1. For the range 2-50, give me each residue that is within 14 Å of the ligand (Cβ to nearest atom) and surrounded by 16 or more Cβ atoms within 10 Å (Cβ to Cβ).
2. On the given criteria, is residue 99 more than 20 Å from residue 55 (Cβ to Cβ) and either at pLDDT 95 or above or surrounded by fewer than 18 Cβ atoms within 10 Å (Cβ to Cβ) (or both)?
3. Output the number of residues of the range 51-77 satisfying the condition of being in contact with a strand residue (DSSP E or B) (Cβ under 9 Å, 6 or more places away or on another chain), assigned to a loop (DSSP other than H, G, I, E, B), away from the ligand (no atom under 15 Å from the Cβ) and more than 18 Å from residue 10 (Cβ to Cβ).
4. Just to be sure I understand, how many residues within the range 88-116 are within 16 Å of the ligand (Cβ to nearest atom) and over 17 Å from residue 18 (Cα atoms)?
5. Here are 119, 80: which of them is surrounded by 15 or more Cβ atoms within 10 Å (Cβ to Cβ), within 15 Å of the ligand (Cβ to nearest atom), in contact (Cβ under 8 Å) with a residue 24 or more places away in the chain and under 17 Å from the mean Cα position of the chain (by Cα)?
6. Which of the residues that make up the range 18-45 are touching a strand residue (DSSP E or B) at 6+ places or on another chain (Cβ under 9 Å), closer than 24 Å to residue 94 by Cβ and not in a strand (DSSP E or B)?
Ligand code: FE2
């Protein structure tokens, strides 16, 4: 049987435009709110057109010692230039980036996923320390 997890691709985000870039502090204060920004194409721009675009990004946190990750949030990007005039005629585009604000008492791993309508599922991860 096909495994969904194996369909998530990853690479160095500096060279691969689909990998969600995770920007957050290396260490955050215990129980203090902090921001996590997800973006696509920070180094190599990804297209944002009616026919080729990023649909969503998702952020999860897997706290050390916990069995399962927790979904922090998902951002959907739903405007890609389409209009009654046709593809790329509206001039309205949702940029594929989002900032989530969260807190935790435990260190762990920030996990990000993204979906390109042409090139499929992508993932990335970043360690988070708590002091
Ligand atoms: Fe793509």
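1. Selection gives 13, 16, 17, 18, 19, 20, 40, 41, 46, 48, 50.
2. No, not satisfied.
3. Here the count works out to 4.
4. 2
5. None of the others qualify; the one that does is 119.
6. 18, 19, 20, 24, 40, 41, 42, 43 - these are the residues of the range 18-45 that are touching a strand residue (DSSP E or B) at 6+ places or on another chain (Cβ under 9 Å), closer than 24 Å to residue 94 by Cβ and not in a strand (DSSP E or B).
The values are calculated or read from the model by the stated rules, or taken from the named source; none is laboratory data. Please read these numbers as outputs of a predicted model, since none were measured by experiment. Glycine gets a Cβ as well: all are built from the backbone with ideal geometry, and neighbour counts include every protein chain shown.
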